[in-house]
Amino acid sequence: MTLSLETTLELMALADGELHGDARERAEKLMAQSEEAQRVVAAMRSSGPALQSWLADTFGRQSQSADGIADAVMAKLAGGAASTVAGGPIAHLVPAVRAPRARVVTRVALAASVLAFAALAVLYIRSMGVRSGQQLARVAAAGASGVAIGAPRAAEEPAQRGRGVEVEEIDSAKRVSIFEISGATASAQSVVVWIDDDQEER
Amino acid sequence: MLIERAQAGDTGAFRRLVERHQRRAFAVALALVRDEDDARELVQDAFLRAYRSLPTFQGGSSFFTWLYRIVTNLGIDLLRKPGRQTGEVDESQLDSDNRVDLDVPFIGRLDGADPADVVRRREIAARLQIALDALPSYHRAVIVMREIDGLSYEEMGQVMGVTKGTIMSRLFHARQKLQRALYDCYEEQVGARRPAEPRDGEQENGS
């Protein structure tokens, strides 16, 4: 054989349909001039299908061993194996159906947070009003040490009788006050638990 | 499209991707590592890595080319492990007289075929298996990717991380070795002459 390896490789690429541009022109020109090149390409083209058939037999049978791989992979994913594969963090695929539910949960949590903040703001404003306007009656108070509080003092006053609250026990390191806030009507009364954070500064 | 659905979080779509490609991926893995258990583990690992990396898959290459690259890299890593038995077989085995006596079960499915043809295919299969075993891993891999999966030279280069020229060289030499080993089979089937050989003194490059 007089063809070089480089030329032979180009002829193989031509036979495989993988040769393009100038290289293809060059190979085709050689084919037109050289019987040897023609024989090489013809042999390559004719032997390809036979080899493919034999290989398909061999690997077709062997690859049946691969049929359980999908089950194994999905089982590992379900068991969180993907997160333990070496190479860094894993972006978990979340089932599509979960996405809307996650958004709903987020919105509900956000709404609850807003409502809780609003309630705290109302309580704070009310307590400020209580301090300045003396609109409430102190019903119980606890000092820095934990104390057991029985009937609130407010409940003992004639004007507030019947509207007091029962405090079983308060165990706190801070000063705790419990107020009953009077409203315009009897049903509009509220009880405020006040925990004094400024105690140490006084 | 399955890939887009898998990227969007559809695990059912990902499962179908695995089912679609598991056999071909396994064939490549087996060509590289030779051992079925190792190949199965390797392919599972490759799919898990593909799953993890799906959000970053841009679709610039086909999914199976991308997957094959993962399989190939894992296979090469496995082959490089210290103490790994590569199972490379000496090429002299190709001339062994006992090759036709090897049990190759896949021929058994040729029920109803001409008994002489069955025997002949069994002989070819046994010799092909020996010839494949005698090839270096990267030669077997290119044979599988080209002759079974039909990958282009360009795709094979991407998968194996080598140039197109290297792929051409590996493919040529792998085919040549198989043709030498199965010369009389070729002659019988397609009336082939001895496989073309380049001028003396030329060496395989890139492998």
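Every number here is computed from the coordinates shown, using simple stated rules; none is lab data. Not measured: the values here are computed from a predicted model. For neighbour counting, all protein chains shown are included, and Cβ atoms are generated from backbone atoms with ideal geometry for every residue, glycine included.
One table, with the values for the structure above:
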| quantity | calculated |
| --- | --- |
| Average beta carbon contacts from partner chains per residue of B:7-15, 10 Å cutoff | 5 |
| Residue mean of other protein chain beta carbons inside 10 Å, B:41-49 | 5 |
| Formal net charge of residues neighbouring B:Asp149 (Cβ-Cβ distance under 14 Å; K, R +1; D, E -1) | +2 |
| For A:40-49, mean number of other protein chain Cβ atoms within 10 Å | 5 |
